[in-house]
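The values are calculated or read from the model by the stated rules, or taken from the named source; none is laboratory data. Values in this document were obtained by computation on a predicted structure and should not be read as measured data. So basically every Cβ, Gly included, is an ideal-geometry build from the backbone, and we count neighbours across all protein chains shown.
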Amino acid sequence: MLLFVTRRVGTMALTMIVVSILLFILLELTPGNVATKVLGPYSSEEQRRLWLEAHGYFDPIHIRYFRWLGDFIIGNFGESTRFKVPVGDVLWPRLWNTAILGFAVMVVVVPLSLTLGVLAGMKEGSKLDRSISVGSIVFTSIPEFASAVLLSAIFVFYLGLLPGTSGMASGFDLAQLVLPVMVLVLYDFGYVARMTRASMAEVMLTNYIRTAVLKGLPYRSVILKHALRNALIAPFTVIMLQINWLLSGVIVVEFFFAYKGFGALLLEASLNQDIFLIEACAMVAVFVAVGTQFAADVGYTYLNPRIRFS
Amino acid sequence: MAEQTVSMPKPPSKAWRMFRSIGLLRESPVGIVGVAIIVFWAVLALFADVLAPYPPNATISPMMFPGDTDASGNMFLLGTDHLGRDILSRIIHGSRRVLILAPLATLCAYIVGIPMGLAAGYLRGRWDDVLSFIANVILSFPVLVLYVIIIATIGASAVNILIAITFASAPGIMRIVRGLVLDLRNREYVAAAQTRGESGLYIMFIEILPNARGPIIVDACLRLGYVIITIGVLGFLGLGLPPPDPDWGGMINETRQLAMTFPHMAVFPCIAISSLVLGFNLVADGLREISLRD
Amino acid sequence: MTTNGSGGETPILECKDLCLSYFTRAGEIPAVVDFNMTLHRGGSIGLVGESGCGKSTVAMAIMRYLGSNGAIVGGQILYKGRDMAEMSEEELRQLRGSEIAMVYQEPMASLNPSLTLGRQLVEVPICHERISEKEAYDRAVQILADVNLPDPERVMASYPHQISGGQQQRVVIAMALLSNPTLLLLDEPTTALDVTVEAGIVELIGQIAEKYDTSMVYISHNLGLILETCDRVNVMYSGEAVETGTVKEVFDRMRHPYTKGLFGCIPLPGADKNERPLVPIRGQLPLPHERPRGCNFGPRCDFFQAGRCDADTIAMHNVAGEQGHKVRCLRWNEIDWASYRPEGVSTEQSEFGDRVLHVDGMRKYYELTDNSIAAMIKGNRVKYVKANERINMDAREAQTVAIVGESGCGKSTFAKVLMGLETATDGTVNFNGDELAEKSVHDRSPKQLGSLQMIFQNPFDTLNPSHSVGGQIARVIRKFGVEKDKSKVEQRVLELLDLVKLPRDFAHRRPRQLSGGQKQRIGIARAFAGRPSMVVADEPVSALDVSVAAAVTGLLMEIQRTYRTTLLFISHDLSLVRYLADRVVVMYLGHIVEQGTTDEVFAPPYHPYTEALLSAVPIADTSIEKKRIILEGNLPSVMNPPKGCVFHTRCPRKIGRVCETEAPPVVEPTPGHQVACHIPLDELKQMEPVIVMTDANKQAAEKAGAKKEAEGSPAAE
């Protein structure tokens, strides 16, 4: 087990390094000169050359990479050309905002989709199963931007119940969080619910469930003691990996609702070729993704005695 | 046993077998609805020039609500946008772009992903280690982050979108194919092929791949739906194909500022895109249900 | 529960005119029709039949667990006089597990993988008898000890995957016994287990019946097991019971042509491939919705009378003079069984030719990297799995050499090395003068490949479902360069179909349109496409029903005889091996423990392992008495095989320290008969035969001219 964890950590570190190299190379190839962006379009050729030299841009690429990596590890992400402040200053508050959003989504998605999935999978082919299944297909078919538009049209335009933007200009406002959370929940729960359903339905057909029923256990304990324990292993992984998906979703939702989060920041950085900011955002995003993947793997191993004790 | 026939009778043709397997979908009501939706959009795309009431980029009368008629008697079933273009016509013409780009991008992703998956799953060893690691690295990016970075770096064009989608989807396809191959490679017909000295390529493509087609087709339908969403998202974020030609995601992006007053401008493209995605998802569900049944 | 006041004792279980159906999209499919059975306290009934005969459906109906699409459509199931169809869910629940318990086919799948065995055991009495956790735990430990599991406390704390298959089945049996049930249903409880493990479970089941006074319904496809476990038997065919009676009546004086046919298909000790070949039942089992009118067995029956047997449904008839012996045949008292000789064609024993295969000192080790931290610290990370160790054997032209052994004995690895899917670690494999030990498939010439081919075990994946049958055979023909020209290839495909006795239009069929037996025939055709001089058959009939297996075995031997092919027959089924092999090689944990001609291996002196194997094989012949030898303990892991003699951990004849320290010498009681054992040769020679038959039949056997070593009896007259 210990070995498994250390090996996973090793792979994780290796992944992060490869990702950082990829990012570095990709952004090296970016059209447009960094110096122009920093110094403005009216700077002279000579000024730009001097700036580049001062910042070590004429060193060989691997030296620059290691310098960048070294800086990165000690938390020095460089200066944002867009915001004219150190990257960390814009990044951390934005990340916090997104964490709030993500947490709110998870709080709704996990119980909702697990309940629906288990209910549907318990009696495969029943009316309840069919309606939950079709329902979740329909909801996963609506992209986030579409449900954002549709929900805004309903709740903002027609009903006037909720605010249409979530800029939080005058401090934290729960009402402004409702629509973004709703959009993300709507898109995400279907997938988790379907996975839970599939897992539950599979477990219900196994011989050990038959054994449990034919032991004369009450239906409730067959479900709670025997079925759920096995059926929830797969959805656990799915939920952990959902965090990765959520990081995609927040880009759209934050952009649409002008929520000051990490996704909107990444998009803004990309559109403005703010290289240090892109690098930092991407590294953070990958770190979160790899970290949850790691947690999912370890959790899966722990939940599954067949793997745990082999 | 039965009586012996003297000569070989003609086997049923490939086309007929394919037709029959599509026909299987009729047993799943959900699948039929899905096929109907896809056919609906395919017909619109194919006959866009005939079916669209107005040219898609023509400025006629701005800010018309659905069903409005302007001074010169033009009726707009779905209204017009801020530049006075007929939304219905733009949606109809926009379907073309999606229905060409999305399947093409998906196809490219499979052309790259399938050989990778076959190699990783069948050859195992170093091949598997290296290919799986590459896939893991790419998949560790949140997808949209990857798209945004790629498109922001190489610029938005149809080819670049194609490349980005292939790059981001191939690892996922590889993983699925690899998983299927890991199961199929232990079948005895594979051992039989090995014992008669078949090459690895023959075994991968002729013995194994055809038997993985069921799950791959289901996955392709789901993925197609997802690619449509991706193209929409890119358009919505302003990273899609450049205007003025109609693009569903782009239409939403251009008009969402006006959503508070003219919600129809964005709502209809949203419905269009969602319905098409739904179509593919329903077909995938229908196919899976049928494949599980037999 | 309730006892019937009037008359005698109420039977524990009674099925009256029971009809069971499944409802599918295609409509109602009758699974079991007009089924009757009465089981009294302490009795045991066997349900026997081939797959699809409805035997398991009956068991599930007794449990009232037919799934959402199955239903009782007629008749009654009475448990202690109460109609189970009228019980509520709650009443059923209280019955299940406490009064009626069940043991299943696959123990691993029947146990919840993520709960400890202890938790799965204690919940039964807690649920049914509301006793305390402590009491339940103590009782579970007690029962685990009763089913002969060593260290019950450790078992209680284990998860299912941590114990062996045989132990898992013992746990399942313990679970069934926890609340002291009145009725025990056993659905193929040993099918997934090795034969020596099976013998242990069968012995246990016998003990239970005595100790707990439990009534049993034992479901199996194996007539021999029924003989060892039951006192009554119901033979089922295509959803109906065709014959029922005491085991003695049905086995010795069978009246139904199907029962007779079934016995003709199983290789009993008296059968011999040349003089008394097996007689397969012709035709195929009808699908449930295509059953013929009248007698279901009609189209396959030698005594079929048109207009009579296919006129109306056939009822069960009482056999005169034998109360309780019933048979579903109109002609039961018309057929003269004594003069009935089915058309089994006896043949001459083939003369063996030159030596084709010579294996000398072959070893196959798999390297395995041990990733545990302990191994990393010690520095010996590479471990070897010794799959094959010092294999020496020969095979001659037209000879059938059988390799027998249980799972993990290395027989499949040996086949892989021969086929070139693996290369040997050491030693030589000489085939027709070519050295193949280190030649993988890719280094072999098409001629070498074509002359050494393989028949696979599993009919369901031996053929590629995506390609037509003809295409798959044609590919082999082209690959081996037998024919190049398109029309000639096609011609050859058709010839091969003729060879395996399948209609020529099968060339265009897809594998899924074929039955299991037909697929195996195609597998044979494919193996013979390159005109091989040797064919390796890896358990080719173990997944088939007995009547189909008999036909496929017969076909294989016929083709072998025609082409004078060497056949290397890998099997775990000793009865079949005795029937068809000329030479037998017995393997255990990668080592050859004994080899010799079939007669030598099946008669004393034995290797102790061979002796145990022979004793473990159930034989469906009432006149045979076996010596009971039950192997203790588990099969050791190939990763960590025992030192000295690999068999010493389970050997009932272990002679002392030398068995644990030194590899056994190979002794030759007669030239060519090799036994690897420490027991002195003189002592080995004094062994008693495992299988003995009663005197009455011995004379009959001698009259029939069976060979003296085979000690066979004619298939029950």
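Summary of computed values
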quantity: Selection count where residues are closer than 30 Å to A:Arg7 by Cβ, within 12 Å of chain B (Cβ to nearest Cβ) and hydroxyl-bearing (Ser, Thr, Tyr), scope region A:252-310; calculated: 1
quantity: Criterion (within 32 Å of the chain's Cα centre (by Cα) and of a type in the set (Val, Ile, Thr)) met by exactly one of C:Val482, C:Val476; calculated: C:Val476
quantity: C:Ala61, sole failed condition from (1) in contact (Cβ under 8 Å) with a residue 40 or more places away in the chain; (2) in a loop (DSSP other than H, G, I, E, B); (3) closer than 27 Å to C:Glu290 by Cα; calculated: (2)
quantity: Residue in region C:564-580 that is surrounded by fewer than 21 Cβ atoms within 10 Å (Cβ to Cβ), under 29 Å from B:Gly197 (Cβ atoms) and at pLDDT 90 or above present; calculated: yes
quantity: Hits in region C:425-459 - residues which are within 9 Å of another protein chain (Cβ to nearest Cβ), assigned to a loop (DSSP other than H, G, I, E, B) and either of a type in the set (A, V, I, L, M, F, W, C) or in contact with a Leu (Cβ under 6 Å, 6 or more places away or on another chain) (or both); calculated: C:Phe456
quantity: Any hit, region B:50-73, residues being among the charged types (D, E, K, R) and either modelled with pLDDT of 85 or more or out of contact with any strand residue (DSSP E or B) (no Cβ under 9 Å at 6 or more places or on another chain) (or both); calculated: no
quantity: Evaluation of B:Gly235 against (1) closer than 30 Å to A:Phe139 by Cα; (2) touching a residue at least 24 places away in the same chain (Cβ under 8 Å) (one fails), failing number; calculated: (2)
quantity: Filter pass, C:Ser44 being over 32 Å from the mean Cα position of the chain (by Cα) and either surrounded by fewer than 20 Cβ atoms within 10 Å (Cβ to Cβ) or modelled with pLDDT of 90 or more (or both); calculated: no
quantity: Segments classed as helices (runs of 4 or more DSSP H), wholly inside region A:83-198, with at least 3 members that are more than 30 Å from B:Thr261 (Cα to Cα); calculated: A:87-122, A:127-141
quantity: Count of region C:664-684 residues which are in contact with a strand residue (DSSP E or B) (Cβ under 8 Å, 6 or more places away or on another chain) and either surrounded by 13 or more Cβ atoms within 10 Å (Cβ to Cβ) or among the hydrophobic types (A, V, I, L, M, F, W, C) (or both); calculated: 11
quantity: Residue within region B:196-216 that is over 25 Å from B:Val112 (Cα atoms), within 13 Å of chain C (Cβ to nearest Cβ) and modelled with pLDDT under 90 present; calculated: yes
quantity: Residue that is surrounded by the fewest Cβ atoms within 10 Å (Cβ to Cβ), among those in region C:301-322 that are of a type in the set (D, E, K, R) and touching a residue at least 40 places away in the same chain (Cβ under 8 Å); calculated: C:Asp302
quantity: Residues located in region C:502-516, provided they are assigned to a helix (DSSP H, G or I) and without any contact (Cβ under 8 Å) to a residue 12 or more places away in the chain; calculated: C:Arg504, C:Asp505, C:Gln513
quantity: Hits in region C:542-560 - residues which are farther than 15 Å from C:Val279 by Cα and at pLDDT below 90; calculated: C:Ser542, C:Ala543, C:Leu544
quantity: Residue in region C:599-653 that is surrounded by the fewest Cβ atoms within 10 Å (Cβ to Cβ), counting only those that are of a type in the set (Ser, Thr, Tyr) and in a loop (DSSP other than H, G, I, E, B); calculated: C:Ser637
quantity: Sole exception among (1) outside any helix (DSSP H, G or I); (2) under 17 Å from the mean Cα position of the chain (by Cα); (3) of a type outside the set (Ser, Thr, Tyr) for B:Ala156, by number; calculated: (2)
quantity: Residue satisfying all of: in region C:106-126; outside any helix (DSSP H, G or I) and without any contact (Cβ under 8 Å) to a residue 60 or more places away in the chain; nearest to C:Tyr137 (Cα to Cα) among these; calculated: C:Thr116
quantity: Among (1) within 14 Å of chain B (Cβ to nearest Cβ); (2) under 17 Å from C:Glu539 (Cα atoms) - the single one C:Glu406 does not satisfy; calculated: (1)
quantity: Spans of helices (runs of 4 or more DSSP H) in region B:184-294 with at least 3 residues closer than 20 Å to A:Val183 by Cβ; calculated: B:213-236, B:248-255, B:264-293
quantity: Subset of region C:517-576 [without any contact (Cβ under 8 Å) to a residue 40 or more places away in the chain and either part of a helix (DSSP H, G or I) or among the hydroxyl-bearing types (Ser, Thr, Tyr) (or both)]; calculated: C:Gln518, C:Arg521, C:Val552, C:Glu558, C:Thr562, C:Tyr563
quantity: In region B:81-124, the residues that are closer than 30 Å to B:Pro66 by Cα and among the hydroxyl-bearing types (Ser, Thr, Tyr); calculated: B:Ser89, B:Ser95
quantity: Every residue from region C:79-105 that is surrounded by fewer than 18 Cβ atoms within 10 Å (Cβ to Cβ) and outside any helix (DSSP H, G or I); calculated: C:Gly81, C:Arg82, C:Asp83, C:Met87, C:Ser88
